[in-house]
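> Structure incoming, see below.
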């Protein structure tokens, strides 16, 4: 396994869209289609993880803001 940094959400999502287009619009040999599917699954999982992390950050920030706003001043 390599120690390459993970792509940004936007980069991963764009790559995933390209893979989907290739799988939908071209007739590929089975082995190539499977490789694309595996890469698409990896990118899909990465995008899900990045979105979940972003949601947790937003919730944490919202919680901090709500706590700060509710404290007497």
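Quick note: the coordinates plus some simple rules give every number you see, no bench work behind them. Because the structure is a prediction, the values reported are computed rather than measured.
> Angle check, please: helix 30-70 long axis (alpha carbons) against the longest principal axis of the chain (alpha carbons), in degrees 0 to 90, nearest 10.
Orientation of helix 30-70: about 10 degrees from the principal axis.
> Something else: Mind pulling the angle between the C-alpha long axis of helix 9-25 and the longest principal axis of the chain? Nearest 10 degrees, somewhere in 0 to 90.
Computed tilt is about 30 degrees.
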